[in-house]
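Input: a single structure, listed below in structure tokens.
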Amino acid sequence: MRHFLTFEDFSKDEILEILALASKIKQEAKAKEYKPYLKNQTLAMIFEKSSTRTRVSFETGMYQLGGQALFLSSRDIQLGRGEPIKDTARVISSMVDMAMLRVYKQSDLVEFAKFSSVPVINGLSDDLHPVQLMADYMTMQECGSGDVVAYVGDGNNMANSWISMASILGFEIRIATPKGNETNPQITQKALQNAKKSGAKIILTNDPKEAVSGADVVTTDTWISMGQESEKEQKIKQFSGFCVDKDMMSLAKKDAIFLHCLPAYRGYEVSEEVFEKHAKEIFLEAENRLHAQKGVMVWLDSKRNG
């Protein structure tokens with residue numbers, strides 16, 4: 001049985017296999033051919049952090065695959081009242097076919113998966129957001145973009161995930177963050193080690209212009225992640241010069257695409273002009289959350305049963 005917690009648990013071929021499966025399922029959906037890959041199965045969705053795209057995409061995806069999803073807020077289950085994670089995992093996994101968790105601590109995901117009898121999916125943690133990256137890379141494939149990616153902004157779970165994915169797939173990732181806002185050191189070190197095997201090129205800088213220059217893909221994320229609202233004013237000062245505006249995008253290749261995992265705060269991490277110019281790509285990326293996650297769920301199910 002396999003879980004989907006971090007890219008480090010997968011080979012390049014496996015990640016590409018999941019993406020190919022997601023594309024196949026997407027084409028079937030576009031033709032209104034909804035095949036019941038997960039007929040009568042149930043997905044438990046546990047949310048410590050609220051979300052728009054994660055809930056809608058997983059719930060809709062499970063329905064289109066022939067199953068159903070249960071929304072479980074941490075306020076509504078024993079996990080939010082002090083029950084050990086391992087007990088919650090054993091109980092919930094005895095009643096459902098798969099679980100998706102959107103949590104604060106990556107260690108909680110690992111603990112849940114350790115005691116779960118069904119596949120577990122990382123719907124987001126403070127460290128990583130791999131399902132978002134699957135949608136992002138799927139969008140890059142569909143847009144026919146090159147593989148030189150520039151990430152400009154906070155060294156958060158999105159930046160960590162870009163480094164992690166690049167280190168397995170072998171593409172070039174340039175991460176530009178303000179001093180003091182770098183990526184997770186442990187995740188970065190592991191990625192650098194994996195890059196030696198895959199041929200990935202990982203560039204870490206505090207200069208956004210250096211990162212964006214000649215890039216095929218430019219991407220960013222909010223400067224103030226959920227739970228960091230009290231740091232807003234401080235972050236705005238620290239991130240001066242890191243807004244992806246027209247001038248910054250002009251440094252990338254002429255046909256470069258711009259991606260944003262949303263929600264986007266215009267005037268902060270991205271300008272209104274750049275966002276609207278690349279809205280088609282951004283909302284294709286958002287839609288691909290649905291298709292990429294269906295690919296992940298069907299692939300995990302095949303490895304359990306196959």
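The values are calculated or read from the model by the stated rules, or taken from the named source; none is laboratory data. Since the structure is predicted, the reported quantities are computational estimates derived from the model, not experimental observations. With ideal geometry, Cβ positions are generated from the backbone for all residues, glycine too; neighbour counts draw on all protein chains shown.
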Quiz item: How many residues are of a type in the set (Asp, Glu) and in contact with a strand residue (DSSP E or B) (Cβ under 6 Å, 6 or more places away or on another chain) when one looks only at the range 146-183?
Solution: 1
Practice problem: Identify, from the list 252, 211, the residue that is in contact with a Lys or Arg (Cβ under 8 Å, 6 or more places away or on another chain), farther than 29 Å from residue 100 by Cβ, in contact (Cβ under 8 Å) with a residue 12 or more places away in the chain and surrounded by 21 or more Cβ atoms within 10 Å (Cβ to Cβ). | Solution: 211
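Can we say residue 45 is closer than 30 Å to residue 167 by Cβ, assigned by TED's automatic domain parsing to the domain that holds residue 301 and either at pLDDT below 95 or buried (at least 21 other Cβ atoms within 10 Å of the Cβ) (or both)? First the steps, then the outcome.
Details: closer than 30 Å to residue 167 by Cβ: yes; assigned by TED's automatic domain parsing to the domain that holds residue 301: yes; either at pLDDT below 95 or buried (at least 21 other Cβ atoms within 10 Å of the Cβ) (or both): yes.
When the stated conditions are applied, residue 45 passes them.
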Quiz item: Given the structure, is residue 135 out of contact with any strand residue (DSSP E or B) (no Cβ under 9 Å at 6 or more places or on another chain) and either of a type in the set (Gly, Ala, Ser) or part of a loop (DSSP other than H, G, I, E, B) (or both)?
Solution: yes
Quiz prompt | Criterion: under 14 Å from residue 152 (Cβ atoms) and either at pLDDT 95 or above or of a type in the set (S, T, N, Q) (or both) - qualifying residue of 269, 276 | solution = 269
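Select from the range 258-306 the residues that are in a helix (DSSP H, G or I) and farther than 22 Å from residue 100 by Cα and list them in ascending order.
Start the filter on the range 258-306 by keeping residues that are in a helix (DSSP H, G or I), which leaves 272-277, 279-305.
Of everything in the range 258-306, those that are in a helix (DSSP H, G or I) and farther than 22 Å from residue 100 by Cα turn out to be 272, 273, 274, 275, 276, 277, 279, 280, 281, 282, 283, 284.
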Quiz prompt | Top-ranked residue in the range 265-289 [being of a type in the set (A, V, I, L, M) and under 28 Å from residue 120 (Cα atoms); ranked as surrounded by the fewest Cβ atoms within 10 Å (Cβ to Cβ)] | solution = 284
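Kindly evaluate residue 92 against the criterion of being assigned to a strand (DSSP E or B) and either at pLDDT below 95 or of a type outside the set (D, E, K, R) (or both). Break it down into steps so the answer makes sense when it comes.
On the way: assigned to a strand (DSSP E or B): no; either at pLDDT below 95 or of a type outside the set (D, E, K, R) (or both): yes.
No, not satisfied.
Results for (1) under 29 Å from residue 187 (Cα atoms); (2) in contact with a Phe, Trp or Tyr (Cβ under 9 Å, 6 or more places away or on another chain), shown as yes or no for each residue.
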residue: 67; (1), (2): no, yes
residue: 91; (1), (2): no, no
residue: 95; (1), (2): no, no
residue: 99; (1), (2): yes, yes
residue: 103; (1), (2): yes, yes
residue: 115; (1), (2): yes, no
residue: 125; (1), (2): yes, yes
Practice problem: Only residues in the range 146-169 that are assigned by TED's automatic domain parsing to the domain that holds residue 211 count as the first member; pair them with residues that are surrounded by 24 or more Cβ atoms within 10 Å (Cβ to Cβ) and of a type in the set (Lys, Arg), Cβ under 8 angstrom, at least 6 apart or cross-chain, and list the lot. | Solution: 148/174; 149/174; 150/174; 151/174
Practice problem: Please enumerate the residues belonging to the range 22-74 that are farther than 19 Å from residue 118 by Cβ, not polar (S, T, N, Q) and not in a loop (DSSP other than H, G, I, E, B). | Solution: 22, 24, 25, 26, 28, 29, 30, 53, 55, 56
Quiz prompt | Among (1) in contact with a strand residue (DSSP E or B) (Cβ under 7 Å, 6 or more places away or on another chain); (2) closer than 22 Å to residue 106 by Cα - the single one residue 68 does not satisfy | solution = (2)
Quiz prompt | Residue that is modelled with the highest pLDDT [pool: residues in the range 208-235 that are over 24 Å from the mean Cα position of the chain (by Cα) and within 24 Å of residue 126 (Cα to Cα)] | solution = 234
Quiz item: Given (1) surrounded by fewer than 22 Cβ atoms within 10 Å (Cβ to Cβ); (2) touching a residue at least 24 places away in the same chain (Cβ under 8 Å), where does residue 292 come up short, assuming only one miss?
Solution: (1)
